[in-house]
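The values are calculated or read from the model by the stated rules, or taken from the named source; none is laboratory data. Keep in mind the model is a prediction, meaning the values are calculated, not measured. No Cβ is skipped: glycine too gets one built from the backbone with ideal geometry, and neighbour counts run over all protein chains shown.
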Amino acid sequence: MNLTLSHLIALLPLLIVCVTVIVVMLGIAWRRHHVVTASLTTIGLNAALVSLLAVLTVTPIRVSPLLLVDNYAVLYMALILIAGLASTTLAHAYLEGFDDQKEEFYMLLGCSVLGGLTMVASDHMLSLFFGLELLSVPLYGMAAYAYRTRLSLESGIKYMVLSAAASAFLLFGMALLYAESGSLAFADLGARLTEGGGHASWLLMGIGMMVIAMAFKLSLVPFHLWTADVYEGAPAPVTAFLATVSKIAVFALLMRLFMSAPVTDIASLHTIVAIIAFLSMMVGNLMALRQDNIKRLMGYSSIGHLGYLLTVVVASDDLALLTTGIYLITYVATTLATFGVIALVSSPWQGSDVASLKFYRGLFWRRPYLAAVMTVMMLSLAGIPMTAGFIGKFYVLATGVEAQLWWLVAGVIIGSALSLYYYLRVMVMLYLHPTEEEQYDASSDWGQRAGGIMVILLALAVLVLGIYPQPMIMLVSSAILG
Amino acid sequence: MTLPWIPLLTFLGVFVPALAIRGGRTVCALATATAPAVALGLVLFFYLGHDGDEVMRTSLQWLPAMGLELAFRLDGLSLLFLLLILGIGLLIILYTRYYLSEQDSMSRFYAFLMLFMTAMVGIVTSDNLLLLWGFWELTSISSFLLISFWSHETTARKGARMAMTVTGAGGLALLAGIMLIGKVVGTYDMGTVLESHDLITASPLYPAIIVLVLLGAFTKSAQFPFHFWLPHAMAAPTPVSAYLHSATMVKAGIFLMLRLHPALSGTELWTVIVTLTGLVTMVYGAWFAFLKTDLKGILAFSTISHLGLITSLLGLGNSQAMIAALFHIINHALFKASLFMAAGIIDHEAGTRDVRKLGGLYRLMPITTVLTCIATVSMAGLPPLNGFISKEMFFTEALASQQFGGLAWIVPLLAGLGGLLSVAYSLRLAYATFFRRPRQEPPKTPHEPPWPMRFPVELLVALCIIVGLVPTLPQSPILEDAVRATVSGEMPEFHLALWHGINPALLLSMAVIAGGIVLHLLHRHMMRFNRQFKPQDARYIFEGFVQRLVALCQRLIDRLENGSLQRYMFLLMAVSVLAMALGLADLDMLAGSLGQQALDPIVILGAALLIMGGVLTAALHRYRLISLLMLSVVGLVVALTFARFSAPDLALTQLSVEVVTMILLMLALFFLPQKTPKESSGARVVRDVLIATGFGGAVASLNFAVLTRDLNSISNFFIDQSVPGGGGHNVVNVILVDFRGFDTLGEITVLAIAGLAIFKLLNRLRLFMPATDMEGRLWSNDRHPTLLMVVSQTLLPLALLVSFFIFLRGHNQPGGGFIAGLITAVALILLYMSRGVEWAQQRLDFQFQPIAIAGVALSTFTGLCSWLFGYPFLTSTFDHFHLPLIGDIELASALIFDGGIYLAVVGATLMILANLGKLTTAHRPNKDMP
């Protein structure tokens, strides 16, 4: 096929990020400068974000058999780019005190974003795998970026080894599907599924293996084991990135796969996914009860949240895509701001992150606005009305009720009730009177720094989306229909 | 459009205290009171200005996508509750001014209180179920803030968290219930929902709806068995208790049942669940109120008991019962708020709330004593106060209830028991606090509180008396409208009076009063009786439950997530195998249409070698060198397998790749310890063997499935097109250089880059090279064995010739640039090894980097050339030439491309291998030196 101008326009965000990565890389080779590198990355990601407007003029368009750039892809591209930008600003503040080479981080981040962008636009196994690896491989490096600290290095290695195993499953699954349908495109796979017959067991096996790999990346029970360790070990901006970009990309892709290939019509797979969802809600929230480390706590809480979201996959109806979009937007905003606060308190880097809950005791009395942001985020994660988290949870419940998935609805409710307990604990901790132990704080001018401004903006967004989510709902629904 | 102003005003009131606190505490209290006062005026204005039957409604679009509207309504029910919420709220504001001590932040307290008031006002005025739910959650949060107001106290924090967890969880259940209602009715609009009684009760979802909605209501209204949070919420400042537990928070659940009464009630399910829960709660609460010694504890359990009373009336559900319920809501709010405030005064003045330490207060605080006693009489349900009237109505309904058939006697029995107990605890409260001789001095000598602090109590007690004596007063305007809003159909006839003549209810009342007095006299015995039971503190049970749950999680975490990568890997693999096992166990289903191939000895031998090699590699992995040798067996057999199944070109490629890989591994291994210490226990080894077997089995059965199927893959296309399209008989080579030329170009680029990166990484790296093994034996006396030197030097030209031959013939027969490159590399490496790096470098005095890059450039250039002829990138061409002597020769442009591959492979491989070899030469181990 020939590339036309509109194809190039459709690829613009990918190209811009690509160029950014190369420029950053060459820039580092030429002369190291932290601020310049961070600025270059920010500019590049912003440019990519702006270029999405241009992309909208040509959507939907298929660029090679591998990529399908439609409004759905554009929506999640925007989300990924925003999350990438947020992580960049956080990383800038965080790495200021880092006692090793700081600049390569941005290159890794750019590569990973590129992988995410590829994934959300892919409707072909090849681009899926390519995107997934491009997303994951830099993440290993990012997780182990503070490699002199034991936890960081350990988390990087754990993530790499387990992730490689998951990738092996993915490849094996794809191979089986290819052997069966003779094509790697999602659409052909869907056609093959609907026409039935053939070796159904192969299809089942192949999709099952792919589900295992995806469940691993989304840290769903029982493939979640790495989550807490990696969340804890990775530097805070990396955790923010991992908790958002990789989840958005994989979930968006999972939805696209399951929408074009109605897999959940197969009874056994339907049951398996439902069980995974239910287990994730329960295990994630139960495990989080005990955590005294806020990053681990967030790790387990993310398991629970992804469990809620998986309800949508089980339902796979008209509402599902809408719910996915809304939930991901609200969840990403909330998670970014939460890790933003953690990163700001841990910034600049001083050997390890300030993640133990006891360090947050009495934060309100020292940094009232930061504590307020954290409070709003905890409320949003708990799904309290007037915050964005509620809107997401409402839609998940609505999807569950609509599809009559009573067990999962019960799971969401029980899980939320459990989660209330530990989110409250964090919240209460912020307002207690501080003890005389050593204290860590965000620098006093955090509000004027890029990272701080970003966190405040996100907090405002969480509130605004919670109070008046109509524009977001319209945006997402137009993205699905277009 | 003015209706939304009521919640908005109270909401604006949230911000007033913070601004007004600069003017002093009195100014702050007054300023805070403004907003609810105006709102109260507004309510009265609306109410007086509209016709009785009509419901005021107003709605604004908010979230049409979710069915959420900013809709408010004002009907009789809302009005009744609004009067309670705002009226008592104002009194609480006044009372708080004198209650809070100097250390407490008054502005914070008022802000929380106003937030809570907003939530309550929102609940009772919402005209949309979702909006109602939003305010419902807001009450949970704001009550959390209020209860934990004294956050330095652990009991306050724990009590607040318990209240929040229980009511919050109930709220989530309610949300699910509301969503089910929305699904059945199709809208969340209150008006429509209230008219859809038949639709909802006929729906198969009805039981779920009832259970979920009632879960929400029961947790909020502290019904058994969710009552336990309420006594612990008493850790809050007394104004909070007075407000939350008389008129507002706990009444929210009651309100919800009332509000949805027209839509949900009237079925057997509703009656049974609600009535029985209410009655059990009533008796349970009253019994514990009787046993408590803390003044606020008594009131808390009494609240639970009275809420149970109201709930059971709602369960009975006929119109008379509804009237009784509504009336009792008013009465309970009046006497309970005054009692709580009185308890606060006593606490404030005497410094304790423990009735065992109090006593004889009537001498010191006569006015407070009178006020409290009147309210207590009302609480006990004695004439001539308001409590008596509503209790009479309750007894009447209990005696008349028919819904339980043969078990109908249980309703009046429980009702009577509850009434009896409430007489007893009321007596005890009054007697022990005011009239009994004090056993010990209270911490402070009490005296009458300042007048404004007592004023709210006085006002409420006055209302109690007025309502008791003239019960028709609230009946006409307020109660009738409220009844109209909750009872569907005809407006029932009713009149409230103290005296209805002698009837069964009166007789029951008298019996209950007498019994209550007797029970009170037996109080000491009751206490002794109770002491035989283990004290059950709900906080310990709740916390214990939480702790056990947490401990269970901790055990799970320790078991599953101990941070061990091996364990994670094991679990990942085990789960995956389990998930796939079922599908893969059924070999018959997996078998395809092709027959199974016959086994011949060679294949069996190969398989055996392969298995042996694999097993030994794993088993001997601690001895790296031997393990590596075993690995090479595996590689070799795989290469031979290709040859056996007629793919000589693949076999050749695999073979040369194998050799290079082995050399690379050898060079790398050189720097690692020769042995690894034993780390795995026997059990772990067995486990790993099992997992490996399972996985091997899974892969084997998949292989079986693939091999027994006829695969229509694209390979036939390549085989067909190889000669006409690419001009070569070696399909693999044609694919590499022609069909998939683009891929190959990418690959060699990557290879070259990887080589460069390794070159760069190893640059200036110097590693210690041991000359002996760990036991101190010399590796070798002769670093460069002569025989090897001679052989390798002899082989070099031969190998180069062979590689050239293979390169040239590659297009048609097994061979090609890739293999040729590897052969060249191997030959050169052999030279390096036999002669040492210094020697080889002196003779091969050129760099390998340019070679690799030149290779990539050559390939790219070939591709670009096709543009000159107007073809797309990497189009290849071929032709046959007839040369003298040699004969017919076919030359394809792909050959040049292949040359590029050759150069890139040689350059990159040598860049890697030669540099790895170089690491060791620079440093001789100096510890062997004498």
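Of all the residues in the stretch B:402-434, those that are in contact with an Asp or Glu (Cβ under 9 Å, 6 or more places away or on another chain) and more than 19 Å from B:G515 (Cα to Cα) number 1. Annotation note: Cβ proximity below 6 Å between a residue of the stretch B:846-866 that is outside any helix (DSSP H, G or I) and a residue that is not small (G, A, S) (sequence gap 6+ or interchain) occurs for B:F848/B:L910; B:F848/B:M911. Put simply, of A:T323, A:T335 the only residue that is closer than 27 Å to A:P262 by Cα, touching a residue at least 24 places away in the same chain (Cβ under 8 Å) and surrounded by 24 or more Cβ atoms within 10 Å (Cβ to Cβ) is A:T323. Looking at (1) surrounded by 24 or more Cβ atoms within 10 Å (Cβ to Cβ); (2) under 30 Å from B:Q402 (Cα atoms), can you tell me which one B:S319 breaks? It fails just one condition, (1). If you go through the stretch A:391-409 and keep only what is surrounded by 24 or more Cβ atoms within 10 Å (Cβ to Cβ) and more than 9 Å from chain B (Cβ to nearest Cβ), you end up with A:G392, A:V396, A:T399, A:L408.
Residue-by-condition table, conditions (1) farther than 29 Å from B:T275 by Cβ; (2) surrounded by fewer than 22 Cβ atoms within 10 Å (Cβ to Cβ); (3) of a type in the set (A, V, I, L, M):
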| residue | (1), (2), (3) |
| --- | --- |
| B:F109 | yes, no, no |
| B:E137 | no, no, no |
| B:A169 | no, no, yes |
| B:V184 | no, yes, yes |
| B:L205 | no, yes, yes |
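State whether one or more residues within the stretch A:17-32 are crowded, with 17+ Cβ neighbours inside 10 Å and in a loop (DSSP other than H, G, I, E, B). Checked against the condition, which is being crowded, with 17+ Cβ neighbours inside 10 Å and in a loop (DSSP other than H, G, I, E, B), the stretch A:17-32 yields no hits at all. Contact annotation: residue pairs with Cβ atoms under 7 Å, 6 or more positions apart or on different chains, pairing a residue in the stretch A:426-439 that is more than 9 Å from every other protein chain (Cβ to nearest Cβ) with a partner that is assigned to a loop (DSSP other than H, G, I, E, B) and at pLDDT 80 or above, are A:M429/A:R361; A:P434/A:R361; A:P434/A:G362; A:T435/A:R361.
Of the residues making up the stretch B:181-216, those that are farther than 26 Å from B:K251 by Cα and either of a type in the set (D, E) or part of a loop (DSSP other than H, G, I, E, B) (or both) are B:G186, B:D198, B:S203, B:P204, B:L205. Which of the residues spanning the stretch B:712-756 are of a type in the set (V, I, T) and assigned to a helix (DSSP H, G or I)? Within the stretch B:712-756, B:I719, B:V723, B:V731, B:V732, B:V734, B:I735, B:V737, B:T744, B:I748, B:T749, B:V750, B:I753 qualify. Taken over the stretch A:288-335, the criterion of being of a type in the set (D, E, K, R) and modelled with pLDDT under 90 is satisfied by A:R290, A:D292, A:D317, A:D318.
Among the numbered conditions (1) within 30 Å of A:T271 (Cβ to Cβ); (2) surrounded by 16 or more Cβ atoms within 10 Å (Cβ to Cβ), the only one that A:G451 does not meet is (1). Among the residues of the stretch B:542-571, those that are among the aliphatic types (A, V, I, L, M) and over 22 Å from the mean Cα position of the chain (by Cα) comprise B:L565, B:M569, B:L571.
Condition check ((1) facing chain A (nearest Cβ under 7 Å); (2) closer than 19 Å to A:L418 by Cβ; (3) modelled with pLDDT of 85 or more) across all residues:
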{"residue": "B:I147", "(1), (2), (3)": "no, no, yes"}
{"residue": "B:E153", "(1), (2), (3)": "no, no, no"}
{"residue": "B:A160", "(1), (2), (3)": "no, yes, yes"}
{"residue": "B:A163", "(1), (2), (3)": "no, yes, yes"}
{"residue": "B:A169", "(1), (2), (3)": "yes, yes, yes"}
{"residue": "B:L180", "(1), (2), (3)": "yes, no, yes"}
{"residue": "B:V184", "(1), (2), (3)": "no, no, yes"}
{"residue": "B:M190", "(1), (2), (3)": "no, no, yes"}
{"residue": "B:I200", "(1), (2), (3)": "no, no, yes"}
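Counted as qualifying within the stretch A:185-248 are the helices (runs of 4 or more DSSP H) with 2 or more residues that are closer than 24 Å to A:Y72 by Cβ, at pLDDT 90 or above and not small (G, A, S), namely A:200-217. B:V124 passes every criterion in (1) farther than 25 Å from A:Y421 by Cα; (2) within 14 Å of chain A (Cβ to nearest Cβ); (3) within 31 Å of the chain's Cα centre (by Cα) apart from (2). Can you name every residue in the stretch B:63-84 that is within 14 Å of another protein chain (Cβ to nearest Cβ), farther than 20 Å from B:L180 by Cβ and part of a strand (DSSP E or B)? If the condition is that a residue be within 14 Å of another protein chain (Cβ to nearest Cβ), farther than 20 Å from B:L180 by Cβ and part of a strand (DSSP E or B), then B:L70 is the only one that fits. Taking helices (runs of 4 or more DSSP H) as the structural unit, those lying wholly within the stretch B:555-655 and holding at least 3 residues that are away from chain A (no Cβ under 14 Å) correspond to B:601-619, B:624-644. Remark: pairs (first residue in the stretch A:66-82, under 19 Å from A:N46 (Cβ atoms); second residue outside any helix (DSSP H, G or I) and polar (S, T, N, Q); Cβ separation under 7 Å; 6+ apart in sequence or on different chains) = A:V74/A:T59.
Within the stretch A:367-390, residues that are away from every other protein chain (no Cβ under 13 Å) and part of a helix (DSSP H, G or I) reach partners that are among the aromatic types (F, W, Y) and crowded, with 22+ Cβ neighbours inside 10 Å with beta carbons closer than 6 Å, at six or more positions or on different chains, in the pairs A:L381/A:Y423. Only residues that are of a type in the set (S, T, Y) and touching a residue at least 24 places away in the same chain (Cβ under 8 Å) were counted across the stretch B:615-673, and they come to 6.
Scanning the stretch A:156-184 for residues that are outside any helix (DSSP H, G or I) and within 10 Å of chain B (Cβ to nearest Cβ) yields a total of 1. Kindly establish whether B:S241 is farther than 30 Å from B:F112 by Cβ, buried (at least 19 other Cβ atoms within 10 Å of the Cβ) and out of contact with any Leu (no Cβ under 6 Å at 6 or more places or on another chain). It is false that B:S241 is farther than 30 Å from B:F112 by Cβ, buried (at least 19 other Cβ atoms within 10 Å of the Cβ) and out of contact with any Leu (no Cβ under 6 Å at 6 or more places or on another chain).
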